[in-house]
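Just so it is clear, none of the values below were taken in a lab; they were calculated from the coordinates. As the structure is a computational prediction, the values presented were derived from the model and not from experiment. Because the Cβ atoms are built from the backbone with ideal geometry, glycine has one as well, and the counts that use them run over all protein chains shown.
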Amino acid sequence: MQCRLSCGACCIAPSISSIIPGMPNGKAAGEKCIHLLDDMRCDIFGHESRPKVCADFQADKDICKDTREMALITITELETLTN
């Protein structure tokens, strides 16, 4: 599956414990990454400074579903189940 344009669910719903440029403590679940632009694109996509966990995430129909809203729900549920 190709990443859905204007989604950004993976930049909001999960917690990220890795250091993110400008976010040395990572980010909490539900917190918008500071690199998520207004059009829901990642400002550091393709840059060396992008965290490995972000670069390793692959859009998948089972997680991203059919809409941004469903992706947010699914990732939030997974976050809850794994913490």
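Checked across the stretch 5-23, the condition of being among the aliphatic types (A, V, I, L, M), touching a residue at least 60 places away in the same chain (Cβ under 8 Å), touching a helix residue (DSSP H, G or I) at 6+ places or on another chain (Cβ under 6 Å) and within 24 Å of residue 81 (Cα to Cα) holds for at least one residue. Filter the stretch 48-70 down to residues that are hydrophobic (A, V, I, L, M, F, W, C) and under 15 Å from residue 7 (Cα atoms) and give me whichever is surrounded by the most Cβ atoms within 10 Å (Cβ to Cβ). Here the answer is 64.
With (1) without any contact (Cβ under 8 Å) to a residue 24 or more places away in the chain; (2) under 12 Å from residue 10 (Cα atoms) as the list, and residue 68 as the residue in question, which single condition is left unmet? Here residue 68 meets the rest and fails (1). In the set (1) surrounded by 11 or more Cβ atoms within 10 Å (Cβ to Cβ); (2) in contact (Cβ under 8 Å) with a residue 40 or more places away in the chain, residue 45 fails one condition alone, (2).
Out of all the residues in the stretch 71-83, which are closer than 17 Å to residue 3 by Cα and of a type outside the set (A, V, I, L, M)? First the steps, then the outcome.
Step one: list which residues in the stretch 71-83 are closer than 17 Å to residue 3 by Cα, which gives 71-75.
Passing the criteria: only 74.
Every residue in the stretch 50-83 that is closer than 21 Å to residue 23 by Cα, assigned to a loop (DSSP other than H, G, I, E, B) and either of a type outside the set (A, V, I, L, M, F, W, C) or in contact with a His (Cβ under 9 Å, 6 or more places away or on another chain) (or both), please. Within the stretch 50-83, 50, 51, 83 meet the criteria.
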